[in-house]
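Here's the structure we're looking at; comments come further down.
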Amino acid sequence: MYIKGESTTDPRRYNAPCSNEIAAIFTNPSGNPPFDRSIAVYPKEESMQEISIISSCCDPMIYPILFPSGEDGWSNDIKYTDNGNTLKRCNVTMMEFYQHKFAIWGICHNGIRSIYFNPVLTAGKLTQQYMVDTYTKIEGGRLTWIRNHQRELRAEAYGGLSDFVKNRAKQEGVRAGKLIILPSSFTGGP
């Protein structure tokens, strides 16, 4: 994307961005991350059905060009192949699935190495949209896990912060939401 600023306007307004990062901005009145969203599907001669974004059908339905063979997207029950490693986890995480999806794999046939055509990496702006959508799924999943596991994260140790937020909200006449403590290991967190 190329943004060219006009020389006739005030240079302090509408400045061209000075970063080359991609961002996803979402709003939700409940404050929930975008992990709680779903898509609406209208099958022929049936009523509307909602499909969760973590359904294995979601990615192929939204991005059919990126899934030309009709393969499934990520789901909770994708198992690791038996490679002799003993892991505590036996299922592939969402991040691992998408790392594999965005990789360029070489295929070896009879000792001859060739590059596998990956439609995800050749779709231009659709690839960018897919990557941002994927990122919001992964980040939303991480935030949902953190919200649901505050006890394991020992968030009650921050009781003083919770009291401060509640008192400040009371002084300003607003309702304080639920305080969620992000661990220091959370990327983008404190």
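Laboratory data are not the source of any read-out in this text; all were calculated from the coordinates shown. On a predicted model such as this, the values are computed, not experimentally measured, just so you know. Every residue, glycine among them, receives a Cβ derived from its backbone with ideal geometry; neighbour counts consider all protein chains shown.
Length gained on full extension, Y80 to I180, computed as 0.36 nm times the residue gap minus the Cα-Cα distance: 32.8 nm.
Modelled label positions at T93 and C57, each set 7 Å beyond Cα in the direction of Cβ, lie 2.9 nm from each other.
Exposure proxy shown here: for C58, C90, the number of other Cβ atoms within 10 Å sets the order, fewest to most, as C90, C58.
Extending 7 Å from the Cα toward the beta-carbon at both F102 and Y116 defines two label points whose distance is 1.7 nm. Rounded to the nearest angstrom and listed largest first, the equivalent-ellipsoid semi-axes of the stretch 151-190 from its Cα gyration tensor are 22, 12, 8.
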